[in-house]
Amino acid sequence: MTWIAPPIERRELPTTAGEREMLQGWLDHHRDTLLTKCAGLTSDQLVEASAAPSALTLLGLVRHMAYVERTWFRVRFLGRRIADLYCTEDDPDADFHAADPAAAERDIAVFRAEIEACDTAVADRGLDETFSPRPGRTLNLRWIYVHMIEEYARHNGHADLLRERIDGVTGS
């Protein structure tokens, strides 16, 4: 039986909220949007490349965003020593390059689990709490939220085009 990405019910965006709730709401909205772009597609469709020479795929975007979530929230901000999800020294872009239809269900589950782990990891941390990803550069948790929102927004634009090319579906 062919695996099909399940439907997702996107959470409502907050319209009047405090800063943390607003940032979390927009981040969740973009996370849900990426999964919405995958919903209803087979694992083979999730690895269809956009157009030569690009190898960009919807599953590659899901894998990339799981990697980005882990890297910013848990590795850089919290300083946890955890393995990369997909990337290696030989292929630092394996999150994009090594998307395999046989692993689509697992990769989407990893994405969802990483989101939950990241949310849990920073739930009690303040937006003004700082960290230094490299010497001479100090950022705060608020910066990560804003960066993640823009990262998803950019890649969700790619996902829109990929989905339309695969089966003609458009929309938010």
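Go through segment 147-169 and count every residue that is among the acidic types (Asp, Glu) and part of a loop (DSSP other than H, G, I, E, B).
0
Going by what's in this entry, would Pro53 be described as surrounded by fewer than 16 Cβ atoms within 10 Å (Cβ to Cβ), under 23 Å from Thr120 (Cβ atoms) and out of contact with any Phe, Trp or Tyr (no Cβ under 6 Å at 6 or more places or on another chain)?
It is false that Pro53 is surrounded by fewer than 16 Cβ atoms within 10 Å (Cβ to Cβ), under 23 Å from Thr120 (Cβ atoms) and out of contact with any Phe, Trp or Tyr (no Cβ under 6 Å at 6 or more places or on another chain).
Which helices (runs of 4 or more DSSP H) sit wholly inside segment 31-146 and have at least 1 residues that are modelled with pLDDT under 95 and touching a Leu at 6+ places or on another chain (Cβ under 8 Å)? Spell out how you get there, then give the answer.
Numbers: elements: 43-46, 58-69, 94-97, 104-122.
Result: 94-97.
Kindly evaluate Arg74 against the criterion of being charged (D, E, K, R) and surrounded by 15 or more Cβ atoms within 10 Å (Cβ to Cβ).
Spelling it out, Arg74 is indeed charged (D, E, K, R) and surrounded by 15 or more Cβ atoms within 10 Å (Cβ to Cβ).
Return the pairs, sorted by first residue and then second, in which the second residue is open to solvent by 30 Å² or more (accessible area, probe 1.4 Å) and not in a loop (DSSP other than H, G, I, E, B), the first residue lies in segment 113-141 and is within 24 Å of His64 (Cα to Cα) and among the aromatic types (Phe, Trp, Tyr), the beta carbons are less than 9 Å apart, and the residues are 6+ apart or on different chains.
Note: pairs meeting the criteria are Phe131/Arg76; Phe131/Thr138; Phe131/Asn140.
Please state which of the following conditions Glu69 fails to meet, knowing it meets all the rest: (1) open to solvent by less than 10 Å² (accessible area, probe 1.4 Å); (2) touching a Gly at 6+ places or on another chain (Cβ under 6 Å).
(2)
What about Glu89, is it of a type outside the set (S, T, N, Q) and either closer than 13 Å to Met65 by Cα or over 18 Å from the mean Cα position of the chain (by Cα) (or both)?
Numbers: of a type outside the set (S, T, N, Q): yes; either closer than 13 Å to Met65 by Cα or over 18 Å from the mean Cα position of the chain (by Cα) (or both): yes.
Answer is yes for this residue.
Counting only residues that are open to solvent by 60 Å² or more (accessible area, probe 1.4 Å) and hydroxyl-bearing (Ser, Thr, Tyr), which one in segment 80-134 is nearest to Arg63 (Cα to Cα)?
Looking at the filtered set, the residue picked out is Thr88.
Give all pairs with beta carbons closer than 8 Å in which a residue from segment 41-62 that is within 15 Å of Ala94 (Cα to Cα) and charged (D, E, K, R) meets a residue that is open to solvent by less than 50 Å² (accessible area, probe 1.4 Å) and modelled with pLDDT under 95; count only pairs at least 6 apart in sequence or on separate chains.
From residues that are within 15 Å of Ala94 (Cα to Cα) and charged (D, E, K, R), there are no pairs.
Quick check on my filter: what residues within segment 4-35 are open to solvent by 40 Å² or more (accessible area, probe 1.4 Å) and of a type in the set (Val, Ile, Thr)?
If the condition is that a residue be open to solvent by 40 Å² or more (accessible area, probe 1.4 Å) and of a type in the set (Val, Ile, Thr), then Ile4, Ile8, Thr15, Thr16 are the ones that fit.
Pairs only if they're at least six apart or on different chains, beta carbon under 7 angstrom, first in segment 150-172 and without any contact (Cβ under 8 Å) to a residue 24 or more places away in the chain, second assigned to a loop (DSSP other than H, G, I, E, B) and open to solvent by 30 Å² or more (accessible area, probe 1.4 Å); list them, first residue then second.
Glu164/Thr170
I'm told Leu127 meets every condition in (1) out of contact with any strand residue (DSSP E or B) (no Cβ under 7 Å at 6 or more places or on another chain); (2) over 26 Å from Ser172 (Cβ atoms) except one. Can you identify the failing condition by its number?
(1)
The values are calculated or read from the model by the stated rules, or taken from the named source; none is laboratory data. Treat the numbers as computed from the prediction; the structure is a model and nothing was measured. So basically every Cβ, Gly included, is an ideal-geometry build from the backbone, and we count neighbours across all protein chains shown. Heavy atoms of the whole protein, side chains included, go into the accessibility calculation; ligands, DNA and RNA do not. Shrake-Rupley method; radii C 1.70, N 1.55, O 1.52, S 1.80 Å.
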